[in-house]
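The values are calculated or read from the model by the stated rules, or taken from the named source; none is laboratory data. Please read these numbers as outputs of a predicted model, since none were measured by experiment. Virtual Cβ from ideal backbone geometry, glycine too; neighbours counted across all protein chains shown.
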Amino acid sequence: MNNETQFIPRATPAPYRQWGEDLEPVSVQQMVNACNLPIAERGALMPDAHLGYGLPIGGVLATRNAVIPYAVGVDIACRMKLSVYDIPVKRLLRDEGRGRFTEAIQAETKFGVGSFFREKREHEVLDRDWSVSPITRDSKDKAWKQLGTSGSGNHFVEFGEIQIADTSLGVEPGTYVALMSHSGSRGTGANVAAHYSKLARAAHPELPKDLAHLSWLDLDSEAGQQYWAAMELMGEYAAANHACIHKYIAANLGLEPILDVENHHNFAWKEEHDGQELVVHRKGATPAGTGVLGVIPGSMASPAYVVRGKGNADSLNSASHGAGRVMSRKKASSKLNWKDANQLLKVRGVTLLSAGLDEVPFVYKDIDEVMGAQSDLVESVARFFPRLVKMAPAGERPED
């Protein structure tokens, strides 16, 4: 076997640091594997980490002049958005009010694999150059049809009450109604990920089978430049999805937001670390540079946190993207039941419009423990409590 077909790892693994205890060994091993890549410079493992493809969910990896499609993720630019409205919380909590908010969510969102709007939403993202890659060029109409939709898996749209304690957010501290959404770049993003991951694997036949999902594209290559441009476009498209969801629901209810917070958590950025420009992949990790705001959700029955980054260099300015799963979808479907889940939802004051058993609260870690494990990465400036939750119906193939 010659050097062109033999994997040669780094002489010494790239350093990485872990947050949180009792992380599953397979996710830790995935981080170790990534740090052995010859392009790897540094890594970090967040407290919500769990098994992924190639890089674990909750994994952060900095590389030199190379991007790993599967270290960005299948759902490119999956992100959070939260909008705050200055209306009395009792409007949401009383029965007749909750019915009105339910009608708005049902009318202005779409869930499920392949879901789309018959009357297409409009957004300036459609005026961007979609010919940056053959995949985005050929998928523009599909992307337009799916604009403003949420797909399946762990994606959601929910109303709740938010408690703001920080005075620097530009609104008076207090309790407000808020809308929170979680989704990404839908079918077009998945097509981009699949196409360029295939090209990356073809470019690196030397990688053993257990490392194949860590195949990379050099940014100097045509494929690398196409992927990067497509990824950036998918970032704008995912942001547009959220913008449409929030715009149309707010218009349905006659509301105007007084505060918006949003962030990607499946993306790659060119950043300076250790005195050099690196490509920082955050797969299921939230940007947490000094002063940067982000949203970290828990589950349908536990709080989400609006956070401000502390700029911890050891984490490559990153934090968790959520609570993190402790149970696979298959296990959840066989071990859990709706009786227990509905009882917990009732106690927590949550009305669930639709979801699968594989997304009930028991499949996630305790978000407060996760937040406690990363107190050196972010500070909490507000907490959001779900009250009205919509996810994809049971039986949908997960797209997260």
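Any residue in the range 149-159 that is within 30 Å of Glu256 (Cβ to Cβ) and surrounded by fewer than 21 Cβ atoms within 10 Å (Cβ to Cβ)? No; the residues of the range 149-159 include none that is within 30 Å of Glu256 (Cβ to Cβ) and surrounded by fewer than 21 Cβ atoms within 10 Å (Cβ to Cβ). Restricting the first member to the range 206-234 and to residues that are within 17 Å of Pro56 (Cα to Cα) and in contact (Cβ under 8 Å) with a residue 24 or more places away in the chain, and the second to residues that are part of a helix (DSSP H, G or I) and polar (S, T, N, Q), the beta-carbon pairs closer than 6 Å and six or more apart or on different chains are Leu211/Asn33. Checking each residue in the range 342-400 for being crowded, with 18+ Cβ neighbours inside 10 Å, among the charged types (D, E, K, R) and closer than 30 Å to Asn191 by Cβ picks out Asp358, Glu359, Lys390, Glu396, Glu399, Asp400. Of all the listed residues (Tyr196, Tyr176), the sole one being assigned to a strand (DSSP E or B) and of a type in the set (Phe, Trp, Tyr) is Tyr176.
Close contacts from the range 304-319, counting a first residue that is closer than 11 Å to Arg17 by Cα and a second that is among the acidic types (Asp, Glu) and modelled with pLDDT under 95, with Cβ to Cβ under 9 Å and a gap of 6+ residues or different chains, come to Ala313/Asp274. Comparison of Ala104, Ala49, Ala40 shows that the only residue that is among the hydrophobic types (A, V, I, L, M, F, W, C), under 30 Å from Gly254 (Cα atoms), touching a residue at least 24 places away in the same chain (Cβ under 8 Å) and surrounded by 15 or more Cβ atoms within 10 Å (Cβ to Cβ) is Ala104. Name every residue in the range 9-30 that is within 24 Å of His273 (Cβ to Cβ) and surrounded by fewer than 10 Cβ atoms within 10 Å (Cβ to Cβ), in order of residue number. Ala11, Thr12 - these are the residues of the range 9-30 that are within 24 Å of His273 (Cβ to Cβ) and surrounded by fewer than 10 Cβ atoms within 10 Å (Cβ to Cβ). Right, Tyr70: under 22 Å from the mean Cα position of the chain (by Cα), among the aromatic types (Phe, Trp, Tyr) and under 22 Å from Glu21 (Cα atoms) or not? No; evaluated as a whole, the condition is false for this residue.
In the range 107-136, the qualifying residues are those that are among the hydroxyl-bearing types (Ser, Thr, Tyr) and under 30 Å from Lys198 (Cα atoms), and the one that is surrounded by the fewest Cβ atoms within 10 Å (Cβ to Cβ) is Ser131. Taking the stated definitions as given, is Ala229 part of a helix (DSSP H, G or I), surrounded by fewer than 17 Cβ atoms within 10 Å (Cβ to Cβ) and over 24 Å from the mean Cα position of the chain (by Cα)? Taking the combined requirement at face value, the residue does not satisfy it.
Restricting attention to the range 66-107, the residues that are among the basic types (Lys, Arg) and assigned to a strand (DSSP E or B) add up to 2. Which condition does Leu55 not pass, out of (1) within 15 Å of Ala200 (Cα to Cα); (2) in contact with an Asp or Glu (Cβ under 9 Å, 6 or more places away or on another chain), if it passes all the others? Leu55 satisfies all of (1) within 15 Å of Ala200 (Cα to Cα); (2) in contact with an Asp or Glu (Cβ under 9 Å, 6 or more places away or on another chain) except (2). Taken over the range 253-290, the criterion of being charged (D, E, K, R) and crowded, with 24+ Cβ neighbours inside 10 Å is satisfied by Arg282, Lys283.
Scanning the range 386-395 for residues that are modelled with pLDDT of 95 or more and more than 19 Å from the chain's Cα centre (by Cα) gives Arg387, Leu388.
Of Glu158, Glu119, all but one fail to be modelled with pLDDT of 95 or more and not in a helix (DSSP H, G or I); the exception is Glu158. Name the residues in the range 300-338 that are buried (at least 17 other Cβ atoms within 10 Å of the Cβ) and more than 19 Å from Val360 (Cα to Cα), would you? Result: Val306, Val307, Arg308, Gly309, Lys310, Asn312, Ser315, Leu316, Asn317, Ser318, Ala319, Ser320. Applying the criterion of at least 3 residues that are among the basic types (Lys, Arg) and under 24 Å from Ile249 (Cβ atoms) to the strands (runs of 3 or more DSSP E) found wholly in the range 288-400 leaves 378-391. The residue that is farthest from Leu293 (Cα to Cα), counting only those in the range 73-86 that are surrounded by fewer than 24 Cβ atoms within 10 Å (Cβ to Cβ) and either within 13 Å of the chain's Cα centre (by Cα) or at pLDDT below 95 (or both), is Val74.
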